[in-house]
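See structure below.
The values are calculated or read from the model by the stated rules, or taken from the named source; none is laboratory data. This structure is a prediction, so every number in the text was calculated from the model and none was measured. Positions of Cβ are generated from backbone atoms using ideal geometry, with glycine treated the same way; all protein chains shown enter the neighbour counts.
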Amino acid sequence: MHKTEILVVSPYPDADMALLAEQFTLHLLPAAEDRNAYLAGLAPRIRALATNGESGADAALIDALPNLEVIVSYGVGVDAIDLAHAARRGIRVTNTPDVLTEDVADLGMALMLSVAREIPQNDAVVRAGQWGKRPIALASRMFGKRLGIFGLGRVGRAVARRAVAFDMKISYHDRARFDDVAYPYYSDAAALASDSDFLMVCAAADKIARGALGRDVFDALGPEGFLINIARGSIIDEPALVEYLIDGRIKGAALDVFWNEPAIDARFLTLPNVVLQPHRASATVETRAAMAQLVRENLRAFFDGKPLVTEFTAHLAGL
């Protein structure tokens, strides 16, 4: 029996691709030697496009598929998808919210602990056989400190719940004040940073300008402050951040996301006050399986004429 054809922009883990292939005929765009010719040959038969949060789908790709009706994304962030253009074309968009929230929050806490307590640096000392042979600087305390959360959506709230157990003093900034939380609210990011020892970025990037958190925020955070980013690299003014880290104008940063992934600014690799992760906040076996399951469920619902399980327009309140 003929299976519906789907264009895959960025392949998922092998096990999930195998499950997807049981239901659909998959065409892998990265395997194409001539991308334009490949798309031209497939275009009339493609009604669905499968992508992820990093690869997305730009206007050119959307326009190369005149019969495209739905974009399913493996990830919660949709900033790499041209949502406005998709809306003009009447193309529906799904993502995979909720299932990754707790894992992302876990990594946020792990990064905060790592940069404060200098865990990677001390690990390196032990591995190099230098324990007892060289002085080791004292690290920073995390418990009881002030945590500013930029973006109090799903992930931001999950981080706050965890931070309560560390007796941290929590405050936040978002597009609007929330009536259902008692945390102090700041109307702008710089004001939040000025009252934070740790500033954690948890916001969705689709409505935030590139480099929105920049010098004014870093100045407010100050030379004893730490920045943690588990949202999107685009939110941070990355060149300015590198300067501030080199000059010691903020104490440190822990980053899971960057501007030009995976070809990140090489200066990060030389900085002793940075903890780096390769965009792995949702990268657990359990969460990635749940994300892939949502992708399959959304595709099946679409082709069966049923309501989409996680259509993005139902989840505009935040990350």
Checking the condition among the aliphatic types (A, V, I, L, M) and either touching a Leu at 6+ places or on another chain (Cβ under 7 Å) or not assigned by TED's automatic domain parsing to the domain that holds residue 188 (or both), which residue from 209, 289, 263 passes? 289
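Scan the stretch 212-247 residue by residue and report those that are more than 18 Å from residue 153 (Cβ to Cβ) and either hydroxyl-bearing (Ser, Thr, Tyr) or not assigned by TED's automatic domain parsing to the domain that holds residue 153 (or both). Don't jump to the end; show me each part of the working.
Of the residues in the stretch 212-247, the ones more than 18 Å from residue 153 (Cβ to Cβ) are 214-227, 237-247.
Matches in the stretch 212-247: 244 only.
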Residues to consider are 158, 191, 209; find the one that is of a type in the set (A, V, I, L, M) and more than 21 Å from the chain's Cα centre (by Cα). 191
Report whether or not residue 205 is surrounded by 17 or more Cβ atoms within 10 Å (Cβ to Cβ), under 30 Å from residue 312 (Cβ atoms), in contact with an Asp or Glu (Cβ under 7 Å, 6 or more places away or on another chain) and of a type in the set (Gly, Ala, Ser). yes
Flagged pairs (Cβ under 7 angstrom, 6 or more apart or on separate chains; first in the stretch 211-224, farther than 14 Å from residue 243 by Cβ; second part of a helix (DSSP H, G or I) and modelled with pLDDT under 95) are none
Which ones in the stretch 220-247 are closer than 19 Å to residue 116 by Cα and either in a helix (DSSP H, G or I) or of a type in the set (D, E, K, R) (or both)? 220, 221, 224, 241, 242, 244, 245, 246, 247
Identify all residues within the stretch 162-199 that are closer than 25 Å to residue 98 by Cα, in contact (Cβ under 8 Å) with a residue 40 or more places away in the chain and assigned to a helix (DSSP H, G or I); write none if there are none. 162, 163
Of (1) of a type in the set (A, V, I, L, M, F, W, C); (2) in a loop (DSSP other than H, G, I, E, B); (3) without any contact (Cβ under 8 Å) to a residue 24 or more places away in the chain, residue 71 satisfies every one except (2)
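Yes or no, residue by residue, for (1) crowded, with 20+ Cβ neighbours inside 10 Å; (2) under 18 Å from residue 149 (Cα atoms); (3) among the polar types (S, T, N, Q):
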site	(1), (2), (3)
212	no, yes, no
223	no, no, no
226	yes, yes, no
232	yes, yes, no
239	no, no, no
245	yes, no, no
Which condition does residue 71 not pass, out of (1) out of contact with any helix residue (DSSP H, G or I) (no Cβ under 8 Å at 6 or more places or on another chain); (2) closer than 24 Å to residue 301 by Cα, if it passes all the others? (1)
In the stretch 11-60, how many are hydroxyl-bearing (Ser, Thr, Tyr), within 27 Å of the chain's Cα centre (by Cα) and either surrounded by fewer than 18 Cβ atoms within 10 Å (Cβ to Cβ) or more than 29 Å from residue 262 (Cα to Cα) (or both)? 0
Do we have residue 106 as closer than 29 Å to residue 291 by Cα, touching a Lys or Arg at 6+ places or on another chain (Cβ under 9 Å) and assigned to a loop (DSSP other than H, G, I, E, B) here? no
Given the residues 237, 180, 195, 174, which is the only one that is modelled with pLDDT of 95 or more, of a type in the set (D, E, K, R) and within 26 Å of residue 272 (Cβ to Cβ)? 237
Between 26, 7, which is outside any helix (DSSP H, G or I), touching a Pro at 6+ places or on another chain (Cβ under 9 Å) and within 29 Å of residue 280 (Cβ to Cβ)? 26
